[in-house]
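Structure first, then comments.
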Amino acid sequence: MTSSPVLILGIGNYLMGDEGLGVHFVNQLKEEVEPGLADFLDGGTAGFQLMEYLESYPNIIMIDATLDGKPAGTIQKVKPRFSKDFPSAMSTHEIGLKDLVEGLLLLGKMPDIHLFIMSIEKIQPLSTLLSPEIEITLPKLKREVIELARHLSSHASQPA
Amino acid sequence: MARIVVDPITRIEGHLRIEAEINNGKIEEAYSSGTMVRLIEEILRGRDPRDAWAFVGRVCGVCTTVHSLASIRAVEDALKIVVPPNAELVRNLMFCAQNIHDHVVHFYHLHALDWVDVVSALKADPKKTSEIAQSISHWPKSSPGYFSDLQKRLTKFVESGQLGIFANGYWGHPAYKLPAEINLIGVAHYLEALEWQKEIVKVHTIFGGKKPHPNFLVGGMACSISLDDSSGINAERLAYVHQLLKQAKEFVEQVYIPDLLAIAPYYLDWGAIGGGLGNYLVYGDLSTSSYTDTQNYKFPAGAILNKDLSKIHEVDLRNDSEVQEFIPHSWYEYAGGDGVGLHPWKGETKLNYTGPKPPFDHLNVEEKYSFLKTPRWKGNAMEVGPLARVLVGYASGREDFKEVVDSTLSKLNVPATALFSTLGRTAARGLETILVSQWALEFYDQLIGNIKSGDTRMANMEKFKPETWPASAMGVGHTEAPRGALAHWIDIEDQKIKNYQLVVPSTWNASPRDLEGKPSAYESALKDTPIADINKPVEILRTIHSFDPCLACAVHLYDEDGKHVNKVQVL
């Protein structure tokens, strides 16, 4: 079922405005890039249901929103090794995913996760749209994610 | 008197906060507040009713399928669409997979940690652990070497100090009563359940096309099925579903239930704590014929009042004097004022936040204090969920329910009144999982029988086009979510959604007080709960978690002056 060694995973709640940027991001990006770059998944608000995906790919590029007080649209790249390395103010679906990450560590099945987080100003509970400040920074995030995905794909295809 | 604030952040959505007043080591009054608002109703207004399932499926990351199911049923009810038998059966299988998955995950990954002391497991004797494990189950992973290896791995992680599960919680609290060996079995199965849970959700991927957030369809299901179809769901895929369901049943019978029965005897005092309302409400689901044929529900519908199991009251979701939502303590306003209750077809969702500006110490519980409305059934506060379902099935005289309930009561040597408790709620969840995992195989056989007899219809598209619809139509769709009775009410006008109201299980259970000041299920269940140490109120977590509140908690603790003294992250 996996066609690439890289999974680009967007998480977030599509109903909560900018909080859902990860989902908007993967849905847009998969239409725009060359075939075979990576597999894409709209992870929505799921936690444990993502386990099979996290176990199936050696490399995961995860995209999520964070409420960390930084200006909206700030992009940060994190290489979380433990669940506590995920930003504490990460959006409301953090707990299920954090629990899953801890479980994967205990099981010795933790994949290589590259987490891109974009700061948002607030969670808008009424909207399926992104705010202009977030929309305008998505192209930059796309360039970074594509570059990393290309690197990871080519790296993965080389003999160890 | 001390006031404790438990302000949990949620696992997936919304926030829930509990404020409890403690006097002489017991909870005197408790207040439950939903502190986050979603307003899905406003997002749906004006949209195509056929798309509603996809939006409501995003309300929650755990319960996506049950919301989608209630939604398509509400639309089908409004438009009088008859669903083909195969689609009913596939929906039942999706229901069963969700129910089993949710209950096992809840038990091991949320609730077990209220009873199982993870750190104590490090002190267990692997050989003794193995003997206990083999005495309670035939589950193969039970050798001394297995437990010894696991223990070494755990020790390494504990020493690294990197894992929240070992750093947090109330490990060492005197309320933890299990021997180290049973704690080790609990931790082993915590990890095995994590591995197992990813299998059963594949049933959703197969029938729903994708996960998370599988596809649903007004009029049927969005999958094609036949034994020799190479692209759709064929004999091979169906055999895989069969295997997944059998594995699930095996895990429930050989791991979940033996663990439940091994842990329970150490906590029998919880068979007299946390009972609460004594009123139970079930809408019912899982028909062996058709969803509209309520007589054939595996989960019978009905209401129980005042713990009286001799009388099952009928429930009518269309009757505007039965289910009503009130707002005397909710941050909303109704055109008719705070004194009225509205049936969901006439429901209004207009926010009016009058609470304190966060961050704040305490809510003013005399005034409005929650974003949850207060639903009532014929004026009564009701508990929904596995305990309600098991009690209604049991009180209806259904053999399958009687068998699992009576045999469990006799194994634990407790009276039937122990069902009305925190322990009863937790046990009922396990008991219904046994039943659901058996029923799933029956539904599977029924589906195969239909397909073999040549019936491969999966959707009825006769009334899918809006041109075929009446100018206006109203419908209600219900199901039994893992956490309890769930219904969606829809009002369609000119082919668009005019009004849409969800009354979800947690609204029943976690809502604030009503017009008469009567508490809802959480508030009622917490009353009189003993609290040994107000700085570590694990007792509150036990009872709230027994409802499966779909959230993890960050507990903020306050001293008697209401000053913030500590914050403990609780798994």
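The values are calculated or read from the model by the stated rules, or taken from the named source; none is laboratory data. Keep in mind that this is a model prediction, so the values were computed, not measured. Positions of Cβ are generated from backbone atoms using ideal geometry, with glycine treated the same way; all protein chains shown enter the neighbour counts.
If you go through segment B:139-146 one residue at a time, do you hit one that is at pLDDT 95 or above, within 12 Å of chain A (Cβ to nearest Cβ) and under 30 Å from B:L387 (Cβ atoms)?
no
Step by step: first the residues of segment A:100-121, then only those that are away from every other protein chain (no Cβ under 14 Å) and out of contact with any helix residue (DSSP H, G or I) (no Cβ under 7 Å at 6 or more places or on another chain), then the one that is farthest from B:K152 (Cα to Cα). Which residue is that?
Among those residues, the one meeting the criterion is A:E121.
Of the conditions (1) over 29 Å from B:F547 (Cα atoms); (2) in a helix (DSSP H, G or I), B:V83 fails just one. Which one is it?
Only one criterion in (1) over 29 Å from B:F547 (Cα atoms); (2) in a helix (DSSP H, G or I) is unmet by B:V83, namely (2).
So, in segment A:1-38, exactly how many residues are crowded, with 19+ Cβ neighbours inside 10 Å, of a type in the set (D, E, K, R) and modelled with pLDDT of 90 or more?
Looking only at that region, the number is 0.
Output the number of residues of segment A:31-71 satisfying the condition of being within 14 Å of B:H213 (Cα to Cα) and more than 16 Å from the chain's Cα centre (by Cα).
Residues that pass the stated criteria total 0.
When segment B:131-157 is examined, which residues are found to be of a type in the set (S, T, Y) and part of a loop (DSSP other than H, G, I, E, B)?
B:S137, B:S142, B:S143 - these are the residues of segment B:131-157 that are of a type in the set (S, T, Y) and part of a loop (DSSP other than H, G, I, E, B).
Identify the residue in segment A:39-60 that is more than 12 Å from every other protein chain (Cβ to nearest Cβ) and closer than 20 Å to A:D99 by Cα and, among all such residues, is surrounded by the most Cβ atoms within 10 Å (Cβ to Cβ).
A:Y57
Would you please name the residue that is nearest to the other protein chains (Cβ to nearest Cβ), looking only at residues in segment B:24-40 that are touching an Asp or Glu at 6+ places or on another chain (Cβ under 9 Å) and modelled with pLDDT of 80 or more?
Residue satisfying both the conditions and the ranking: B:S33.
Run down B:R73, B:R58 and say which single residue is among the charged types (D, E, K, R), crowded, with 24+ Cβ neighbours inside 10 Å and within 14 Å of chain A (Cβ to nearest Cβ).
So the residue among B:R73, B:R58 that is among the charged types (D, E, K, R), crowded, with 24+ Cβ neighbours inside 10 Å and within 14 Å of chain A (Cβ to nearest Cβ) is B:R58.
Which fully enclosed strands (runs of 3 or more DSSP E) of segment B:256-347 have 2 or more residues being under 22 Å from B:S506 (Cα atoms) and in contact (Cβ under 8 Å) with a residue 60 or more places away in the chain?
Ranges flagged: B:280-282, B:285-287, B:302-304, B:323-326.
Any chance segment B:81-97 includes a residue that's modelled with pLDDT of 90 or more and within 14 Å of chain A (Cβ to nearest Cβ)?
The answer is yes, given that some residue of segment B:81-97 is modelled with pLDDT of 90 or more and within 14 Å of chain A (Cβ to nearest Cβ).
Please give the number of the condition B:K465 fails out of (1) free of Cβ contacts under 8 Å to residues at least 24 places away in the same chain; (2) within 29 Å of B:Y240 (Cα to Cα).
With respect to (1) free of Cβ contacts under 8 Å to residues at least 24 places away in the same chain; (2) within 29 Å of B:Y240 (Cα to Cα), B:K465 is out only on (2).
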